[in-house]
Every structure is written in C-alpha cells, then in structure tokens.
1. Restricting to the range 80-111, count the residues that are farther than 30 Å from LEU31 by Cβ and in contact with a Ser or Thr (Cβ under 8 Å, 6 or more places away or on another chain).
2. Any residue in the range 97-118 that is of a type in the set (Asp, Glu) and in a helix (DSSP H, G or I)?
3. Which residue pairs have Cβ atoms under 8 Å apart, sit 6 or more places apart or on different chains, and have a first residue in the range 23-39 that is over 12 Å from ILE83 (Cβ atoms) and a second that is among the polar types (S, T, N, Q) and open to solvent by 80 Å² or more (accessible area, probe 1.4 Å)?
4. Would you check which residues across the range 50-87 are in contact with a helix residue (DSSP H, G or I) (Cβ under 9 Å, 6 or more places away or on another chain) and among the β-branched types (Val, Ile, Thr) and list them?
5. When the residues of the range 91-107 are narrowed to those that are modelled with pLDDT under 90 and among the aliphatic types (A, V, I, L, M), which ends up farthest from VAL36 (Cα to Cα)?
Amino acid sequence: EVDRRAPVALIIGAGDGGGQAIARRFAKEGLSVCAVRRPSSLPKLEELVRDIEGNGGTAHAFGVDARNEDDVIDMFNEIEDTIGPVEVCVFNIGANVRFSVLDTTVRVYTKVWEMACLAGFISGRGGGGGGGGGRGG
C-alpha cells in the first residue's frame, strides 16, 4: 500500500541558526517538518512551528533528548504513525564547546560524545536497532 501522506523532513537539532533554516527550507518545498530539540527548548520549537505554519507550511515540534534511545524510537514511531513517512532525516546537533582539548575534562568530553556521536548513531538507525523495537528492529 502506498502512503499518500506528505513526506516528512525530520530535523534533529533544529537550533536557532542552521537547523531552523533547514526546517524552513524543507517546509517551503512542501515536506511536513518535524523539528526536534531537547525538551527545555520546546518553546523555541513552538515558535518555529508557528512561523512555518504562518508561511503556509506544515510543522510539528518534538522535545526529545536524542541521546535517549527509547525516546527516539517513540518519536520515530509517532511521526510515522501519525504524520507521515520520514523521507529525510537531518542530524544537526552541535556540541558548541569553545575551549581547547587540553582544557576539556572527561565529563565534558563524554557529554560532547553523547550529543555528537551517540545521538547521531541512534538517530541514524531510525531510533531502532537490533533490539526489536522501533523502525530498525
């Protein structure tokens, strides 16, 4: 069966700069945008959704910590069940650490690795994996 809903552009890391610009561009091209940031940034995402919708696009905000595999699986499933098929997934999370590696603690390095690498790995698998849940299961 062919899914006739609008394709989805999932932007993980729809931050104030490039991520929001990417989301707006996909909306302009007619994709339904699902914009994702950590839960504490949900109000900013809701502003982005209002802006996209005000310009004739379709958008949805998701406050998800992309380092949490269960939350990412749930998000992918919700999007594909209720909004449409994910056609494009942009991983745009940046760590924004502005000091030298010699001044970086193991704690900071671990957090950066989780945001830039682990979250990218989880997102790239569509949230699921060999564990039986989610899209990749």
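1. Of the residues in that region, 1 qualify.
2. yes
3. Listed pairs, sorted by first residue: ARG24/ASN55; ALA27/ASN55; LYS28/ASN55.
4. Scanning the range 50-87 gives ILE52, THR58, VAL64, VAL72, ILE73, VAL86.
5. Checked the range 91-107; the qualifying residue farthest from VAL36 (Cα to Cα) is VAL101.
The values are calculated or read from the model by the stated rules, or taken from the named source; none is laboratory data. Small disclaimer: the values here were computed from a predicted structure and weren't measured. Cβ atoms come from the backbone with ideal geometry, glycine included; neighbour counts cover every protein chain shown. Remember, those area values only see protein heavy atoms, side chains included, never the ligands or the DNA or RNA. Shrake-Rupley method; radii C 1.70, N 1.55, O 1.52, S 1.80 Å.
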